[in-house]
Each structure stands twice: as C-alpha cells, then as structure tokens.
1. How would you rank 54, 166, going from fewest to most other Cβ atoms within 10 Å of each one's own Cβ?
2. What FRET efficiency comes out for the pair residue 184/residue 61, r = Cβ-Cβ distance, R0 = 25 Å, nearest 0.05?
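Read-outs: derived from the displayed coordinates by stated rules, not from any lab. The model shown is predicted, which means the values in this text are computed figures rather than measured ones. Glycine also receives a Cβ, built like all others from the backbone with ideal geometry; neighbour counts cover every protein chain displayed.
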Amino acid sequence: MTDPRPPSIKSAGDPASLAADGHLSAADLFKQYARFVASFLIRMGISRADLDDVMQEVFLVAHKMGGYSPGPAKPTTFLANIAFRAATTHRRKGKVRSFVYANEELVGGAAGETADPERSTDNQQRLELLQRCLDRLDDDKRAIFVMAEIQGETVVSIASGLGIPVDTAYSRLRAARKLFREAAKSLTEGESDSLAPSMQRAST
C-alpha cells in the first residue's frame, strides 16, 4: 500500500554555510527548501511516487543555473519557477496521478493516528475539494494561486521568479481567485444536489 504521508524531508539550512553575498548553491537550496519544493510539487499535482524524480530535476536545473543569486525573487519563488516548469512538463507526459490519492493526509494527517475519525473525514473532503478546484485552473494560474494563497509568497516575488511583469502576475492571481471561487461554489452546490435524493429516501 502506498504510504500517503508527505516525505520526511528536513529543512536544515545552516546560515553559516551561506556566501557573504547571499548566493545559495543548489546544495544550500536543497538543505533549506527541499520541503517547500516537495509541498509545491504536490499541490501542482505530482504524486508521491513521482516526487523524488521531479525534485531531482528541480535541483539539477538549479545547479545548472548556478544556484540562487539575491534579487527581487526570493529563493522560494526562484525554486517555485523551476518546479512549476518541471511539474508542467511532467503533467504533459501524462505521468501525473491524483493529488488526493498520493497525499490524502497532507491536511488531516498531522493530527496523528488517533485523530477523531469524523474530523479526518472532514479534512479528507476538504482536501478532495481543494484538488478538484485546483484541477480547474490552467497551469499558469494554478502556479500563482498555489504560491500566493497556499505558500504565502508576495506577488512581486512571484512575478520576478516567473519572469513576468508584476501587473501580469496580479491579473493572473485575480483570475485564479475568481475561477477557484466559482469552482468551489459549483462543486459544493453539485454535491449538495447529488445528496438530496438519498437524503429524501432516508427520511421516508
């Protein structure tokens, strides 16, 4: 059985290892931001089964680019840009699997094995809804939505990391938020409608 828990990657960056100018090598980036990259890739639809391969690709690209150099983009958005492109390529190859299947405990698993079953069920339903809403966004909007709304990155940093104008980033984020809200409303209303007949039968 596939272990649904997120990978136990430690973010163990040592400030003393950083260059005086703030440059971070690929090794430094991995030590400090491996968990961030794993989380981002998972939310972009990469399964646990494929996560190691895609992460290796991300940090290999970072190495080929000479690591991170300080600028408008933060290390997280620098890596998110690389991860976004790696995830998009991976998805186009048809290798992507269900985010929910591979990571069903991302939201509820932190409570531990003795968690309240009702709470775990509620968390699972929320996770499924999140995935279905994200699946309705195209890759560009999905990446910005994940970085801004889930990872908490600033739009300026996201724009720099993705190499797009700030106005474009804001526009994509506004569109993504709108589509996400519409998807959530549509899906929740649809589920309520589908439950109505069974509820009616149960009451008779």
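1. 166, 54
2. It comes out at approximately 0.15.
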